[in-house]
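Throughout, read-outs are computed from the coordinates displayed, never taken from laboratory work. All of these numbers come straight from a predicted model, not from anything done at the bench. Counting neighbours? That spans all protein chains shown, and the Cβs are built from the backbone with ideal geometry, glycine included.
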Amino acid sequence: FFINNPNDLFLYNPTKIGIAIANAVSQLYPLGQGGNPQIKTIQQTLNQRYNSQLKVDGIYGPRTKKAIITGLQIELNRQFNSGLVVDGLFGPRTKNALPIVRKGARGNITYLIQSALFILGYDVLPDGIYGVKTESAVRQFQSDFGLKIDGVAGKQTLGTLFSSI
């Protein structure tokens, strides 16, 4: 929030606001408890499927991001013969190779989409099945980023999603 009038400062309780913010952050990143359990699961899955060699600590960071993009590149090569360099960098060639993914889809690309949505704070748990919860999370993401809201993870939605993690 923004306060530009000293009188407005007395309308807010900064201690309560600070506690609310801290509680919200600690739910996504509960460091005192060894990190976020769902992020640990994502890290374990990335290690198993793509030999990512991540430390499974439940903390999202640059290595986990790179592992997600690496997994995406591997899947695009496997499933669509995209001929991408697998470097974990989300560049124009990777963006151009993105498929259209919609409700009913199943598999590793769906899992990676769900992982990216979860990391960005959307209400979806990665299971590799593009169902109602995933479609709803995609719609919310599209709304939040000013994209066409249709629940379909097309090139523009996926490009924005994987650029944002």
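A few notes on this one:
- From phi via Karplus (6.51, -1.76, 1.60), per-residue ³J(HN,Hα) for the range 87-93 in Hz, x at Gly/Pro: 10, x, 10, 8, x, x, 5
- Phi-derived couplings, Karplus 6.51 cos²θ - 1.76 cosθ + 1.60 at θ = phi - 60°, listed residue by residue for the range 63-75: 5, 5, 4, 4, 5, 5, 5, 4, x, 4, 5, 4, 5 Hz, with x used for Gly and Pro.
- Relative intensity, log₁₀ I(q)/I(0), of the range 50-165 from a Debye sum that treats every alpha carbon as a point, q = 0.13, 0.20, 0.21 Å⁻¹: -0.44, -1.10, -1.22
- Cα shape, the range 122-165, gyration tensor, a/c 1.5 rule: prolate
- Mean Cβ count within 10 Å, highest first, over the residues of peptides 99-110, 61-72, 78-89: 61-72, 99-110, 78-89
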